[in-house]
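These notes are about the structure you will find just below.
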Amino acid sequence: MGKFYQTEDINLIDYEIYNFEGLELRGPESNYTKYPRYISYIGAAQTFGRYCQQPFPNLIGSKLNIGTLNFGRGGAGPTYFLNQPTILEYVNRSELVVVQVMSARSISNSVFKSLLGGNMGLKLPNHKKMRAERVFKQLFNGKDPRGKDYEFVFNLIKETRQNYLNATLELLQAITVPKVLFWFSVRTPEQCAELSWWDFVMMRASNQSDFINKVCRKIPIFHDYANPPVGIFPHFVNREMFEVMKSSSDFAVECSSSVGLPQIMCDSEGKAIRKNDYYASPEMQQQAAELLIPVCQKILETK
């Protein structure tokens, strides 16, 4: 995914992708190699720092004068890191690790089998290769007839959340160094999309336009109106789940902000060429670093 971002965004930013033990990591490489101690970071695109020259791991490293190993990967879920022994080895050699709360959309369930622990996988039962968001979109817009069954939809959401929670707890338990659980989103853990019986009836009884106008637009936290029960990143994850994850972490930090969004990116002539309204903005990355630095510093001082 690092090379994908590098290729897609090369006219905007150089992520300084480098090879580390067979992994493609966000640079700069020297940020890790020149320091005897380092902090490791695992998470998704927000940790990687898409559309940002200085993501929060770099900002923390510079402020605390400590090395940085940024294992952030776009679309990653907890199972991606569970299946990466090299990452876990280096995480457990670090002074501490910041674990971003990742999306539950990237977890395997009854309708989706994740490949490599990310949001690319197979739709079940026909094993057609597609991204998780498309699988859920087909369920909730009626193209997949299983989505017409209220009980099936709600059981699927329940299953997805439990699978995600189990994997996240397993990941946290596999980490032996101090763990900082990090919520990083434009929404709070409380603002998680939930469908009521009435919303579901409306979705099935009306056309898509009516559903958007009568149901989705009443709930401001939906990023994708065509995919309402998923909500916005970290998809499906609510406060109850976050509290359970906190119980297996040493510290927890929450950063809920949309400052700097939408982020308009321009070419060398000042012409707007891309708009970011999904990934963390540079301003959000700065806020994240400011919230995490005191916690990281406290841990380092006790070691």
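FYI, it's all coordinate maths here, none of it is from the lab. Not measured: the values here are computed from a predicted model. Methodologically, a virtual Cβ is constructed for each residue, glycine included, from the backbone with ideal geometry; neighbour enumeration extends over all protein chains shown.
Tabulated data for the structure shown
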{"quantity": "Separation of the S268 and Q54 label points, Cα + 7 Å toward Cβ, nm", "calculated": "2.4"}
{"quantity": "Beta bridges per DSSP with both ends in the chain, % antiparallel, nearest 5", "calculated": "45"}
{"quantity": "Sequence-distant residues sharing a close amide H with F20 (under 5 Å, placed H)", "calculated": "L25"}
{"quantity": "Anisotropy class of region 92-168 from Cα gyration tensor, a/c 1.5 cut", "calculated": "prolate"}
{"quantity": "Nonlocal amide H pairs with S94, under 5 Å, H built at 1.01 Å", "calculated": "none"}
{"quantity": "Charge tally in the Cβ shell below 11 Å around N65, where Lys, Arg are +1 and Asp, Glu are -1, N65 excluded", "calculated": "+3"}
{"quantity": "Residue order, fewest to most beta carbons within 10 Å, for M245, M265", "calculated": "M265, M245"}
{"quantity": "Proximal charge balance of S256 [Cβ under 13 Å; K/R count +1, D/E count -1]", "calculated": "0"}
{"quantity": "Vicinal HN-Hα couplings computed from phi for region 117-126 (Karplus, 6.51 cos²θ - 1.76 cosθ + 1.60; Hz; Gly/Pro x)", "calculated": "x, x, 8, 9, x, 10, 6, 9, x, 7"}
{"quantity": "Cα-projected label distance for T188 with R93, points at 7 Å along beta-carbon direction, nm", "calculated": "4.1"}
{"quantity": "Whether region 227-303 is rounded, prolate or oblate, judged on the alpha carbon gyration tensor where a/c under 1.5 counts as rounded", "calculated": "oblate"}
{"quantity": "For A252, residues with placed amide H under 5 Å, excluding near neighbours", "calculated": "L181"}
